[in-house]
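These notes concern the structure reproduced below.
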Amino acid sequence: MKRFDAIVMFASLWLLASMVIDVLTPKELTVYAIGGALAPATAISALLYWLEVPRVDFAVCFSVFWMVSGMALELISPVPLSPLMIVVTLLPILVVGIVINFQCWRRSFAPTAPEVVSARRES
């Protein structure tokens, strides 16, 4: 059942993202072109989710795929896209980087166990 749930979830997200981006981009860029540009990233993300890749790794991969999809949209667009598209493309990767660095920073203040003295002492 998990496989079917993942397929439905990612297909719905792919369709929703394609329709939202279609509304926000120029008329020359159709929903079909957008869907085609987003499809590989969505399929690979669904595969990684189904393979139960750790959360942090999945978040990094998803944000990179989102950035690559934004670059692909810029390449296939017949007219230049809004400068706001750069922000939308880079936002997920920036958020993931901030969260990872925050977690490392929090762990640096965690108490550490004292060094364990060896039971066998050399005489």
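Where a number appears in this text, it was derived from the coordinates with a stated rule and is not lab data. Nothing here was measured: the structure is a model prediction, and the numbers come from that model. For neighbour counting, all protein chains shown are included, and Cβ atoms are generated from backbone atoms with ideal geometry for every residue, glycine included.
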For this session: Would you list the membrane-span-like helices of the chain, meaning whole DSSP H runs whose alpha-carbon atoms span at least 27 Å along their axis and whose mean Kyte-Doolittle value is at least -0.5?
Result: 2-24, 55-76, 84-108
For this session: For the chain, build the charge dipole from Cβ charges (+1 Lys, Arg; -1 Asp, Glu) around the Cα centre, then report which of Met71, Pro26, Leu81 sits farthest towards its positive end.
Result: Met71
Seminar exercise, completed: Options (i) 144; (ii) 100; (iii) 169 are given for volume of the Cα convex hull per residue in Å³, and the computed one is (iii)
For this session: Evaluate the relative contact order of the chain (contact order divided by residue number), counting alpha-carbon pairs under 8 angstrom at least 6 apart; express in whole percent.
Result: 23 percent
Exercise. Highest GNM mean-square fluctuation, the chain, Cα pairs closer than 10 Å: which of Ser77, Ser18, Ser108?
Worked result: Ser108
For this session: Would you be so kind as to identify which of Ile7, Val60, Trp105 lies farthest towards the positive end of the dipole of the chain, taking Lys and Arg as +1 and Asp and Glu as -1 on Cβ and the Cα centre as origin?
Result: Trp105
Problem set entry | Highest-MSF residue in the chain out of Leu91, Leu51, Leu73 [GNM, Cα springs under 10 Å] | Leu51
